[in-house]
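The numbers here are math on the coordinates, done by the rules we state, and not lab data. Because the structure is predicted, anything quoted here is derived from the model rather than measured. As a convention, Cβ positions derive from the backbone with ideal geometry for all residues, glycine included, and neighbour counts pool all protein chains shown.
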Amino acid sequence: NAGVTQTPKFQVLKTGQSMTLQCAQDMNHNSMYWYRQDPGMGLRLIYYSASEGTTDKGEVPNGYNVSRLNKREFSLRLESAAPSQTSVYFCASSVPSGGAQETQYFGPGTRLLVL
Amino acid sequence: DQQVKQNSPSLSVQEGRISILNCDYTNSMFDYFLWYKKYPAEGPTFLISISSIKDKNEDGRFTVFLNKSAKHLSLHIVPSQPGDSAVYFCAASAQNQFYFGTGTSLTVIP
């Protein structure tokens, strides 16, 4: 059981370039999430997917798109990278832990530097 | 506007003593609260949680307390161990959207 995996682990982009961050989970979780972590800001939700075929905006969606390819995979795309998108990106999936509450499990993160 | 706040960026505690990490929130709609632990270059790992209908949840050395009237929760670690040194994030949830605090870096001194 690999849990939540993310690729790549580290990426350097030039302003205006595009890229896709990949995330996969093997825990059969319905919900998946993308966060970014910046110094002094905690983790902020970019997009989430409550189930296969659905996606919703989080707190900071501008400049990003997502695709829930199937139950296992949830990708995050930067169409035209900007220096403000330099961050550490975490993918998570979640499982109900009692009632309507869910507990999230995180991947190891992708460090992105936009020059 | 930060809905979940951790006002102490860092905390140092002697091994064997109690560590108390604090968290405040503003949204009364939050119904589930969690603590995560994060080591450098790794993703956060789930530690302990509490539902809004409870005021205490205990798991081994870790206890989370919730004071709904004060919109405050705390994590107690007793006894603290050097391996507990990490960044701790509190998080709050409403309708399966999660909001995280900025983290408290705990150092347990041997």
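Some values worked out for this structure:
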{"item": "Dipole in debye (nearest 20) - the range A:18-115, about Cα centre, beta carbon charges: Lys, Arg +1; Asp, Glu -1", "result": "120 debye"}
{"item": "Signed unit charges on C-beta, dipole axis of the protein assembly as shown, positive-most listed residue B:62, A:19, A:75", "result": "A:19"}
{"item": "Loop-located GluC sites (Glu not before Pro) in the range B:1-83, at most 14 other Cβ atoms within 10 Å (DSSP)", "result": "B:15, B:42"}
{"item": "Total charge dipole magnitude, the range B:4-109, about the Cα centre, Cβ charges on Lys, Arg, Asp, Glu only, Debye to nearest 20", "result": "160 debye"}
{"item": "Cross-link pairs beyond the 30 Å C-alpha cut-off, checked among A:9/B:54; B:37/B:68; A:14/A:71", "result": "A:9/B:54; A:14/A:71"}
{"item": "Size of charge dipole - the protein assembly as shown - debye, nearest 20, with Cβ of Lys, Arg +1 and Asp, Glu -1, no other charges", "result": "240 debye"}
{"item": "Normalised alpha carbon radius of gyration of the range A:1-57 [divisor 2.2 N^0.38 Å]", "result": "1.30"}
{"item": "Long-range HN-HN contacts of residue B:85 with modeled amide H, under 5 Å", "result": "B:108"}
{"item": "For chain B, the longest site-free run once trypsin sites (Lys or Arg not before Pro) in DSSP loop states with at most 15 other Cβ atoms within 10 Å are removed", "result": "B:69-110"}
{"item": "Kirkwood estimate for the protein assembly as shown, i.e. one over the average of 1/r between Cα atoms, Å", "result": "17.9 Å"}
{"item": "P(r) weight above 18 Å for chain B, C-alpha pairs, percent", "result": "44 percent"}
